[in-house]
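S.K.: A single structure is presented below for examination.
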Amino acid sequence: MTSKQRAYLKGLAMNIEPIYQVGKASLTPELTQGLEEALESRELIKVTVLKNCLDDPTEIARTVAERTHSEVVQVIGKKFVLYRESKTRKKIELPKETKGKK
């Protein structure tokens, strides 16, 4: 993902509410499955890590991204944003990659 694409997704993420919360149980298989389904239907999701979760939000975001084959767009405080292109319901059109000057 290019920095231009990441910036575009950050802009979109500013207007969405978190749809999942990671609590003291941290990452459960059920939570991972729910995030997987949410990514397929929405492509861009925001997740909140609650205060009672002792794990680092950046680590949680990395682990979720790995398990769901998505990309971490950003982590700010106790919230993180994930993106994965939908196989069936593509909604978000990313800016095209441009070739760098040589």
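S.K.: Send over a whole-number figure in Å² for the accessible area per residue of segment 16-102, probe 1.4 Å. All intermediate terms of the calculation are to be shown ahead of the outcome.
M.R.: Working: 5710 Å² over 87 residues.
Ligands and nucleic acids excluded, the figure is 66 Å² per residue.
S.K.: Find the lysine pairs in the chain meeting two conditions, Cα atoms under 20 Å apart and a separation of 8 or more places or different chains, and report how many there are.
M.R.: 25
S.K.: Quick one: angle between helix 3-13 and the longest Cα principal axis of the chain, in degrees between 0 and 90, rounded to 10, please.
M.R.: Around 50 degrees separate the two axes.
S.K.: A further question on this structure: Which loop trypsin sites (Lys or Arg not before Pro) in segment 26-92, with loop taken from DSSP, have no more than 13 other Cβ atoms within 10 angstrom of their Cβ?
M.R.: Of the trypsin sites (Lys or Arg not before Pro), the ones in loops of segment 26-92 whose Cβ has at most 13 other Cβ atoms within 10 Å are Lys51, Lys87, Arg89, Lys90, Lys91.
S.K.: How much accessible surface area, in Å² rounded to 10, belongs to the heavy atoms of Tyr8 with a 1.4 Å probe?
M.R.: 90
S.K.: Also: Quick one: ranking Met14, Met1 by accessible area, 1.4 Å probe, largest first, what do you get? Don't skip to the answer; put the middle values down first.
M.R.: Details: Met14 150, Met1 75 Å².
Largest accessible area first, the residues go Met14, Met1.
S.K.: Still on this structure: Per Stokes-Einstein, at 20 °C and 1.002 mPa s, what whole-number D in µm² s⁻¹ belongs to segment 50-102, with the Kirkwood radius over Cα pairs as the hydrodynamic radius? Intermediate results must be reported in sequence, preceding the final value.
M.R.: Working: Rh = 13.3 Å.
This corresponds to a translational diffusion coefficient of 161 µm²/s.
S.K.: Classify segment 8-51 from the C-alpha gyration tensor, please: rounded if a/c falls under 1.5, else prolate or oblate depending on whether a/b exceeds b/c. Each step should come with its number before you reach the end.
M.R.: Working: a/c = 3.23, a/b = 1.45, b/c = 2.22.
It is oblate, given that a/c is not under 1.5 and a/b is not larger than b/c.
S.K.: Could you pull the Rg and Dmax for the chain, using just the Cα atoms, both in Å?
M.R.: For the chain, the Cα radius of gyration and maximum Cα-Cα distance read 14.0, 50 Å.
S.K.: Still on this structure, please answer the following. Run the accessible area of the chain with a 1.4 Å probe and give the carbon-and-sulfur part as a rounded percent.
M.R.: On the way: 3430 of 6730 Å².
Carbon and sulfur together cover 51 percent of it.
S.K.: Explain nothing, just the number: dipole magnitude of segment 29-102 about its Cα centre with +1 on each Lys and Arg Cβ and -1 on each Asp and Glu Cβ, in debye rounded to the nearest 20. Mind dumping the intermediate values first?
M.R.: Working: 16 positive and 13 negative charges, 110 e Å.
Using only the charged Cβ atoms, the result is roughly 520 debye.
The values are calculated or read from the model by the stated rules, or taken from the named source; none is laboratory data. Predicted model, so just to flag it, every value in this text is computed and none were measured. We place every Cβ from the backbone using ideal geometry, glycine too, and count neighbours over all the protein chains shown. Side chains included, ligands, DNA and RNA excluded: accessible areas come from the protein's heavy atoms. Shrake-Rupley method; radii C 1.70, N 1.55, O 1.52, S 1.80 Å.
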